[in-house]
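Report on the structure given below.
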Amino acid sequence: MVLVRNYNIRQKDGKTFITLTLEGELEMIQSQSNGRFYATVRTCNVSSTFDENIAKRLVGQSIAGSLSLIHISQ
């Protein structure tokens with residue numbers, strides 16, 4: 001499950017839009033340098049078409065799915 005943790009009002013090129021801060025579930029990750037495991041939670045910000053009232057209502061709600069590491073190379 002993914003939790004909507006917060007929302008942010010952003011501006012770019014003179015336009016205002018809303019982003020949602022999403023938080024995934026607890027994960028255990030193994031360090032590549034020392035082999036030890038540590039706990040982490042992935043977070044990300046996603047652009048939306050919502051207005052502020054809808055974004056406020058979404059905070060605290062869960063969404064089916066997961067956040068995974070995506071590597072984008074150029």
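The values are calculated or read from the model by the stated rules, or taken from the named source; none is laboratory data. All figures in this text were calculated on a predicted structure; none of them were measured in a lab. Heads up, the Cβs are rebuilt from the backbone with ideal geometry, glycines too, and the neighbour counts pull from every protein chain shown. SASA here: full protein model, heavy atoms, side chains in, ligands and nucleic acids out. Shrake-Rupley method; radii C 1.70, N 1.55, O 1.52, S 1.80 Å.
The figures follow:
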{"read-out": "Around Ser66: net Lys/Arg minus Asp/Glu count, Cβ-Cβ under 14 Å", "value": "-2"}
{"read-out": "Cβ-based net charge around Glu52, under 15 Å, with every Lys or Arg adding one and every Asp or Glu removing one", "value": "+3"}
{"read-out": "Order of exposure, largest accessible area first, which applies to Glu52, Glu25 with probe 1.4 Å", "value": "Glu25, Glu52"}
{"read-out": "For peptides 8-21, 26-39, sequence by mean Cβ density within 10 Å, most packed first", "value": "8-21, 26-39"}
{"read-out": "MRE, 222 nm, helices only [DSSP H, n ≥ 4, -39500 (n - 2.57), over the chain, to nearest 500]", "value": "-2500 deg cm²/dmol"}
